[in-house]
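Scroll down for the structure; my scribbles are underneath it.
The values are calculated or read from the model by the stated rules, or taken from the named source; none is laboratory data. Keep in mind that what you see is a predicted model, and the values were worked out from it rather than measured. So basically every Cβ, Gly included, is an ideal-geometry build from the backbone, and we count neighbours across all protein chains shown. Areas reflect the complete protein model, heavy atoms only, side chains present, ligands, DNA and RNA absent. Shrake-Rupley method; radii C 1.70, N 1.55, O 1.52, S 1.80 Å.
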Amino acid sequence: MTSNEIAVRLEAVGIILGAAEHADLAGAYGKLSPMLALIRTPPIPPEAEPAIVFVAGA
């Protein structure tokens, strides 16, 4: 999502940003975007997860 898309969503709920606020939003989102991508990315893809096998009576 881009800062423009965020601004459009805010406007849809009645929050209108001025040029200065929009610039602040773009800067903050630019800094946060890589961190959010890192958080959303799993460290190990599901197919690489080790299988856990339970053996009855072991």
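Do we find a residue being of a type in the set (Gly, Ala, Ser), in contact with a Phe, Trp or Tyr (Cβ under 7 Å, 6 or more places away or on another chain) and either part of a helix (DSSP H, G or I) or open to solvent by 80 Å² or more (accessible area, probe 1.4 Å) (or both) anywhere in the stretch 3-14? Scanning the stretch 3-14, I find at least one residue that is of a type in the set (Gly, Ala, Ser), in contact with a Phe, Trp or Tyr (Cβ under 7 Å, 6 or more places away or on another chain) and either part of a helix (DSSP H, G or I) or open to solvent by 80 Å² or more (accessible area, probe 1.4 Å) (or both), so the answer is yes. In the stretch 35-58, the qualifying residues are those that are aliphatic (A, V, I, L, M) and assigned to a helix (DSSP H, G or I), and the one that is modelled with the lowest pLDDT is 48. Condition test on residue 32, is it assigned to a loop (DSSP other than H, G, I, E, B), without any contact (Cβ under 8 Å) to a residue 24 or more places away in the chain and surrounded by 10 or more Cβ atoms within 10 Å (Cβ to Cβ)? Criteria not met by residue 32. Here residue 54 meets each of (1) aromatic (Phe, Trp, Tyr); (2) open to solvent by 90 Å² or more (accessible area, probe 1.4 Å); (3) closer than 26 Å to residue 2 by Cα with one exception, condition (3).
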